[in-house]
Amino acid sequence: MRQNQVEAELAAVRAQLEALLDREAIRQLAVSYAHFARTRNIDDLMALYSSDASFDIAENMGTLPGLRSGREAIRETLRIDLPRADPWPFIHQHYIEMLGSDNARGTLYFELRQGVENLRVTHIGSYIDEYVKEQGVWKFRSRKLSTTPLSDAPISAPSLG
(Lines give C-alpha, C1' and ligand atoms only; values in the text may rest on other atoms or scores of the structure.)
Protein backbone atom coordinates (compact mmCIF):
# COMPACT_ATOMS: atom_id res chain seq x y z
CA MET A 1 0.00 0.00 0.00
CA ARG A 2 1.09 3.47 -0.63
CA GLN A 3 1.64 5.92 2.20
CA ASN A 4 -1.16 8.22 0.98
CA GLN A 5 -3.69 5.37 0.82
CA VAL A 6 -2.81 4.23 4.35
CA GLU A 7 -3.13 7.78 5.66
CA ALA A 8 -6.50 8.20 3.92
CA GLU A 9 -7.82 4.93 5.36
CA LEU A 10 -6.56 5.84 8.82
CA ALA A 11 -8.26 9.24 8.58
CA ALA A 12 -11.52 7.54 7.56
CA VAL A 13 -11.34 5.13 10.51
CA ARG A 14 -10.61 8.02 12.89
CA ALA A 15 -13.64 9.92 11.57
CA GLN A 16 -15.87 6.87 12.01
CA LEU A 17 -14.57 6.33 15.54
CA GLU A 18 -15.16 9.98 16.42
CA ALA A 19 -18.75 9.76 15.10
CA LEU A 20 -19.39 6.63 17.16
CA LEU A 21 -17.91 8.21 20.28
CA ASP A 22 -20.06 11.33 19.77
CA ARG A 23 -23.24 9.25 19.48
CA GLU A 24 -22.33 7.24 22.56
CA ALA A 25 -21.62 10.43 24.53
CA ILE A 26 -25.07 11.76 23.57
CA ARG A 27 -26.70 8.48 24.61
CA GLN A 28 -24.83 8.66 27.93
CA LEU A 29 -26.04 12.24 28.36
CA ALA A 30 -29.66 11.00 28.30
CA VAL A 31 -28.90 8.08 30.63
CA SER A 32 -27.16 10.44 33.06
CA TYR A 33 -30.15 12.79 32.97
CA ALA A 34 -32.52 9.97 33.95
CA HIS A 35 -30.16 8.82 36.70
CA PHE A 36 -29.65 12.28 38.17
CA ALA A 37 -33.40 13.00 38.00
CA ARG A 38 -34.08 9.76 39.86
CA THR A 39 -31.48 10.52 42.54
CA ARG A 40 -32.58 14.18 42.63
CA ASN A 41 -29.03 15.38 42.05
CA ILE A 42 -29.77 18.85 40.75
CA ASP A 43 -26.14 20.00 40.54
CA ASP A 44 -25.18 17.09 38.30
CA LEU A 45 -28.38 17.55 36.25
CA MET A 46 -27.49 21.18 35.66
CA ALA A 47 -23.99 20.21 34.52
CA LEU A 48 -25.66 18.39 31.61
CA TYR A 49 -27.10 21.65 30.23
CA SER A 50 -25.22 24.06 27.98
CA SER A 51 -24.57 27.64 29.01
CA ASP A 52 -27.49 28.84 26.83
CA ALA A 53 -29.93 26.03 27.67
CA SER A 54 -33.71 26.02 27.54
CA PHE A 55 -36.31 23.53 28.77
CA ASP A 56 -39.92 23.55 27.55
CA ILE A 57 -42.40 21.65 29.74
CA ALA A 58 -45.70 20.25 28.48
CA GLU A 59 -48.98 21.48 29.97
CA ASN A 60 -50.01 18.08 31.31
CA MET A 61 -47.10 17.40 33.67
CA GLY A 62 -48.70 18.72 36.84
CA THR A 63 -46.33 21.67 37.05
CA LEU A 64 -46.14 25.15 35.59
CA PRO A 65 -45.92 24.60 31.81
CA GLY A 66 -43.86 26.54 29.34
CA LEU A 67 -40.36 27.53 28.38
CA ARG A 68 -37.57 27.97 30.90
CA SER A 69 -34.66 29.89 29.42
CA GLY A 70 -31.31 29.79 31.15
CA ARG A 71 -29.75 27.47 33.66
CA GLU A 72 -31.11 29.26 36.75
CA ALA A 73 -34.73 29.02 35.55
CA ILE A 74 -34.23 25.32 34.81
CA ARG A 75 -32.56 24.77 38.20
CA GLU A 76 -35.49 26.39 40.03
CA THR A 77 -38.00 24.17 38.23
CA LEU A 78 -36.03 21.03 39.07
CA ARG A 79 -35.55 22.14 42.68
CA ILE A 80 -39.32 22.41 43.14
CA ASP A 81 -40.56 19.53 41.00
CA LEU A 82 -38.14 16.64 41.59
CA PRO A 83 -38.85 16.18 45.31
CA ARG A 84 -42.58 16.68 44.77
CA ALA A 85 -42.91 13.94 42.13
CA ASP A 86 -40.21 11.45 43.18
CA PRO A 87 -39.61 10.50 39.51
CA TRP A 88 -38.56 7.08 38.26
CA PRO A 89 -37.84 7.74 34.56
CA PHE A 90 -37.36 4.80 32.19
CA ILE A 91 -35.89 5.78 28.84
CA HIS A 92 -36.34 3.79 25.65
CA GLN A 93 -35.58 4.50 22.00
CA HIS A 94 -33.15 7.31 21.37
CA TYR A 95 -33.01 8.65 17.83
CA ILE A 96 -29.95 10.84 17.18
CA GLU A 97 -29.26 12.92 14.08
CA MET A 98 -25.76 14.35 13.82
CA LEU A 99 -25.77 17.85 12.32
CA GLY A 100 -22.02 18.38 12.42
CA SER A 101 -19.07 17.72 14.67
CA ASP A 102 -20.52 19.77 17.54
CA ASN A 103 -24.30 19.85 16.95
CA ALA A 104 -26.97 17.18 16.94
CA ARG A 105 -30.67 16.72 17.59
CA GLY A 106 -32.66 13.79 18.77
CA THR A 107 -35.82 12.32 20.18
CA LEU A 108 -35.84 10.25 23.34
CA TYR A 109 -38.92 8.23 24.29
CA PHE A 110 -39.71 7.47 27.93
CA GLU A 111 -42.19 6.29 30.49
CA LEU A 112 -42.39 7.98 33.85
CA ARG A 113 -43.28 6.31 37.11
CA GLN A 114 -43.72 8.44 40.20
CA GLY A 115 -42.91 7.41 43.72
CA VAL A 116 -45.77 9.57 45.00
CA GLU A 117 -48.10 7.40 42.86
CA ASN A 118 -46.82 4.04 44.22
CA LEU A 119 -44.52 3.76 41.16
CA ARG A 120 -47.47 3.68 38.78
CA VAL A 121 -46.68 4.73 35.21
CA THR A 122 -48.17 8.23 35.11
CA HIS A 123 -46.90 9.51 31.75
CA ILE A 124 -45.41 8.34 28.48
CA GLY A 125 -43.75 10.79 26.19
CA SER A 126 -40.71 12.13 24.47
CA TYR A 127 -38.01 14.71 24.75
CA ILE A 128 -37.18 16.59 21.57
CA ASP A 129 -33.57 17.56 22.17
CA GLU A 130 -30.87 19.73 20.67
CA TYR A 131 -27.32 18.85 21.70
CA VAL A 132 -24.16 20.92 21.52
CA LYS A 133 -20.55 20.06 22.24
CA GLU A 134 -19.07 22.64 24.63
CA GLN A 135 -15.35 22.40 25.34
CA GLY A 136 -15.36 18.82 24.07
CA VAL A 137 -18.36 17.69 26.16
CA TRP A 138 -21.86 17.00 24.78
CA LYS A 139 -24.67 18.90 26.56
CA PHE A 140 -28.35 19.66 26.18
CA ARG A 141 -28.92 22.97 24.43
CA SER A 142 -32.68 22.53 24.52
CA ARG A 143 -35.20 19.98 25.70
CA LYS A 144 -38.89 20.00 24.81
CA LEU A 145 -40.97 17.66 26.93
CA SER A 146 -44.08 16.21 25.33
CA THR A 147 -46.20 13.78 27.34
CA THR A 148 -49.41 11.84 27.48
CA PRO A 149 -50.73 11.34 31.00
CA LEU A 150 -52.12 7.89 31.68
CA SER A 151 -55.33 7.26 33.52
CA ASP A 152 -55.30 5.11 36.61
CA ALA A 153 -58.57 3.54 35.53
CA PRO A 154 -58.37 -0.21 35.01
CA ILE A 155 -58.24 -1.51 31.45
CA SER A 156 -61.51 -3.15 30.54
CA ALA A 157 -61.65 -6.37 28.59
CA PRO A 158 -63.21 -6.21 25.12
CA SER A 159 -66.69 -7.62 24.77
CA LEU A 160 -67.01 -10.87 22.87
CA GLY A 161 -70.45 -10.55 21.64
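The values are calculated or read from the model by the stated rules, or taken from the named source; none is laboratory data. This one's a predicted model, so the numbers in the text were calculated from it and none came from an experiment. Here the Cβ is made from the backbone with ideal geometry for all residues, glycine too, and neighbour counts use every protein chain on show.
Could you go through region 107-125 and let me know if any residue there is out of contact with any strand residue (DSSP E or B) (no Cβ under 7 Å at 6 or more places or on another chain), surrounded by fewer than 19 Cβ atoms within 10 Å (Cβ to Cβ), modelled with pLDDT of 90 or more and among the β-branched types (Val, Ile, Thr). No: zero hits.
Only one of the listed residues (Asp52, Asp102, Asp86) is over 16 Å from the mean Cα position of the chain (by Cα), surrounded by fewer than 16 Cβ atoms within 10 Å (Cβ to Cβ) and closer than 16 Å to Arg143 by Cα. That residue is Asp52. Leu78 meets each of the listed conditions (1) of a type outside the set (Asp, Glu); (2) within 17 Å of the chain's Cα centre (by Cα); (3) closer than 17 Å to Gly125 by Cα apart from (3). Here is the figure for region 64-74: residues that are surrounded by 15 or more Cβ atoms within 10 Å (Cβ to Cβ) and either within 20 Å of Leu112 (Cα to Cα) or touching a Gly at 6+ places or on another chain (Cβ under 9 Å) (or both) total 1. The residues of region 89-99 that are surrounded by 11 or more Cβ atoms within 10 Å (Cβ to Cβ) and either in contact with an Asp or Glu (Cβ under 8 Å, 6 or more places away or on another chain) or more than 18 Å from Glu24 (Cα to Cα) (or both), listed by number, are Pro89, Phe90, Met98.
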